[in-house]
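Here the structure comes first, spelled out in structure tokens, and everything after it is commentary.
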Amino acid sequence: EKGGYEHFMLKEIFEQPKSIHDTLRGRLLVDEGIIKMAGIWDNLERLTKAERIIIIACGTSWHAGLIGEYLIEEFARIPVEVEYASEFRYRNPIVTNKDVVIAISQSGETADTMAAIKLAKEKGAFVFGICNVVDSSISRFTDAGSYTHAGPEIGVASTKAFTSQLTILSLIALKLGKHNGNLSNVEFMRLITELDALPKKVEEVLSTTHDLVKEIAKDFVDAQNFLYLGRGYNFPAALEGALKLKEISYIHAEGYPAAEMKHGPIALIDENMPIVIIAPKQGHYDKVVSNVQEIKARKGKVIALVNKGDVQVANLADYVIEFPETSECFSPIIASVPLQLLAYYIAVKRGANVDQPRNLAKSVTVE
Ligand code: F6R
């Protein structure tokens, strides 16, 4: 059932070219230049006229939501807020019938997310669900929605569900942006062509980084802390990279927007601090170069994720992981893959039970 892989998690990491393809299948029609999504189409008016979109989720799905905010605000120009479902439900939030809530949940059973949806509905918001598990409680309770179609995810640490959530959010942002006139045809075509190329690029990053990441992992088996840094779209990708590592390896890890480093975490940096930095060419690259210089001046160990052929960051870094170039907005989908592998191999080498980490459950049905 693990298809020859040692763990479900590794199998699911390797399934991503297919799961992303499945998320796009029947929806992204590049030749016709359209995105076809019934859940969006049937509620187009409601969605494009939303005064505000509130994204609610927990854990990894919340990280996907943060990237969703960047995508929707950039392409559809609708104001977006992202909240932890557990905070939203208890803080008496301001929600009206002009708001659209997008609830993201792999399992579709998360108690806090469900309670937040109930509250939003009571206050008159239209609730759109993004779930992976078909016919799950959340998918049934929401007003409309789109399934991620990533297939069953057995490993407790979410991997392929996350990249499928990012894929769905990309489709939604581009479709809304196209309809409300914020995205030109030319720009829309360029972006959907990039989106269409993602399964191939994810396949490429798996094959070019797997052995390397496995080697790199050996050097960090005894690490006690990790910092993950990224900017723009890759700031939430840094949060997700850190979450993967702590969940399965039990190494303390924190993610930060790279520029926040100097507001605190820089105090932690010395020769014992590994720092993973996501630095694609288009993501405020020059600023990330200065962050890496600041880290090296303090002797931190830099593991850099860069685009193929990168020179500046690569020359400064202790370890270099190259990934294929894409538009900045889609780069977390590719960059997350080597980060999943890094967490996986560090955990495996520490003898941890990666598919069933201690204290964690696949669906959190109690608050
Ligand atoms: C992370 C992880 C959790 C879940 C969170 C939300 O690897 O598995 O953080 O992402 O419990 O779960 P869903 O998406 O099922 O609502």
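Taking the residues in region 133-149 that are in contact with a helix residue (DSSP H, G or I) (Cβ under 7 Å, 6 or more places away or on another chain) and part of a helix (DSSP H, G or I) as candidates, determine which candidate is most open to solvent (accessible area, probe 1.4 Å).
By that ranking, first place goes to F141.
Looking at this structure, is A125 surrounded by 19 or more Cβ atoms within 10 Å (Cβ to Cβ), closer than 18 Å to I53 by Cβ and away from the ligand (no atom under 16 Å from the Cβ)?
On the way: surrounded by 19 or more Cβ atoms within 10 Å (Cβ to Cβ): yes; closer than 18 Å to I53 by Cβ: yes; away from the ligand (no atom under 16 Å from the Cβ): yes.
The answer is yes for A125.
Looking at F88 and the list (1) touching a helix residue (DSSP H, G or I) at 6+ places or on another chain (Cβ under 6 Å); (2) within 13 Å of the ligand (Cβ to nearest atom); (3) aromatic (F, W, Y), which single condition is not satisfied?
(2)
Quick check on my filter: what residues within region 296-310 are at negative phi and either in contact with a helix residue (DSSP H, G or I) (Cβ under 8 Å, 6 or more places away or on another chain) or open to solvent by 90 Å² or more (accessible area, probe 1.4 Å) (or both)?
Passing the criteria: K296, R298, V302, I303, A304, L305, V306, K308.
Here is a check on your reading of the model: is E81 within 21 Å of P199 (Cα to Cα) and open to solvent by 10 Å² or more (accessible area, probe 1.4 Å)? Write out each step before concluding.
Numbers: within 21 Å of P199 (Cα to Cα): no; open to solvent by 10 Å² or more (accessible area, probe 1.4 Å): yes.
No: the conditions fail for E81.
Anything in region 55-77 that is closer than 25 Å to A161 by Cα and more than 16 Å from the ligand (Cβ to nearest atom)? List them, or say none.
First, pick out the residues of region 55-77 that are closer than 25 Å to A161 by Cα: 55-76.
Within region 55-77, E69, Y70, L71, I72, E73, E74, F75, A76 meet the criteria.
Within region 150-267, which helices (runs of 4 or more DSSP H) (wholly inside it) include 3 or more residues that are of a type in the set (S, T, Y)?
Values: elements: 160-179, 185-196, 198-218, 234-249.
In region 150-267, 160-179, 198-218 are the helices (runs of 4 or more DSSP H) which contain 3 or more residues that are of a type in the set (S, T, Y).
Considering only region 328-367, state which residues are open to solvent by less than 10 Å² (accessible area, probe 1.4 Å) and of a type in the set (S, T, Y).
If the condition is that a residue be open to solvent by less than 10 Å² (accessible area, probe 1.4 Å) and of a type in the set (S, T, Y), then S331, S336, Y344 are the ones that fit.
Please verify whether region 162-172 includes one or more residues that are touching a strand residue (DSSP E or B) at 6+ places or on another chain (Cβ under 8 Å), open to solvent by 20 Å² or more (accessible area, probe 1.4 Å) and either more than 16 Å from the ligand (Cβ to nearest atom) or of a type in the set (F, W, Y) (or both).
Within region 162-172, the subset touching a strand residue (DSSP E or B) at 6+ places or on another chain (Cβ under 8 Å) is 165, 168-169, 171-172.
Checking which are open to solvent by 20 Å² or more (accessible area, probe 1.4 Å) leaves us with none.
No.
For region 41-67, how many residues meet the condition of being outside any loop (DSSP other than H, G, I, E, B) and over 15 Å from Q106 (Cα atoms)? Full working, then the answer.
Taking region 41-67 as the starting set, the residues that turn out to be outside any loop (DSSP other than H, G, I, E, B) are 41, 44-48, 52-57, 59-67.
Next, only the ones that are over 15 Å from Q106 (Cα atoms) stay: 41, 44-48, 52-54, 66-67.
Residues flagged as outside any loop (DSSP other than H, G, I, E, B) and over 15 Å from Q106 (Cα atoms) within region 41-67 amount to 11.
Return the residues of region 5-32 that are among the charged types (D, E, K, R) and either open to solvent by less than 60 Å² (accessible area, probe 1.4 Å) or part of a loop (DSSP other than H, G, I, E, B) (or both); say none if nothing qualifies. Explain how you work it out, then say what you get.
The initial filter retains those residues of region 5-32 that are among the charged types (D, E, K, R), namely 6, 11-12, 15, 18, 22, 25, 27, 31-32.
Answer for region 5-32, where residues must be among the charged types (D, E, K, R) and either open to solvent by less than 60 Å² (accessible area, probe 1.4 Å) or part of a loop (DSSP other than H, G, I, E, B) (or both): E6, K11, E12, E15, D22, R25, R27, D31, E32.
The values are calculated or read from the model by the stated rules, or taken from the named source; none is laboratory data. Remember, predicted model here, so these are calculated numbers, not experimental data. A quick note on method: Cβ atoms are made from the backbone with ideal geometry, for glycine too, and the neighbour counts reach across all protein chains shown. These accessible areas exclude ligands, DNA and RNA; they are computed on the full protein's heavy atoms, side chains included. Shrake-Rupley method; radii C 1.70, N 1.55, O 1.52, S 1.80 Å.
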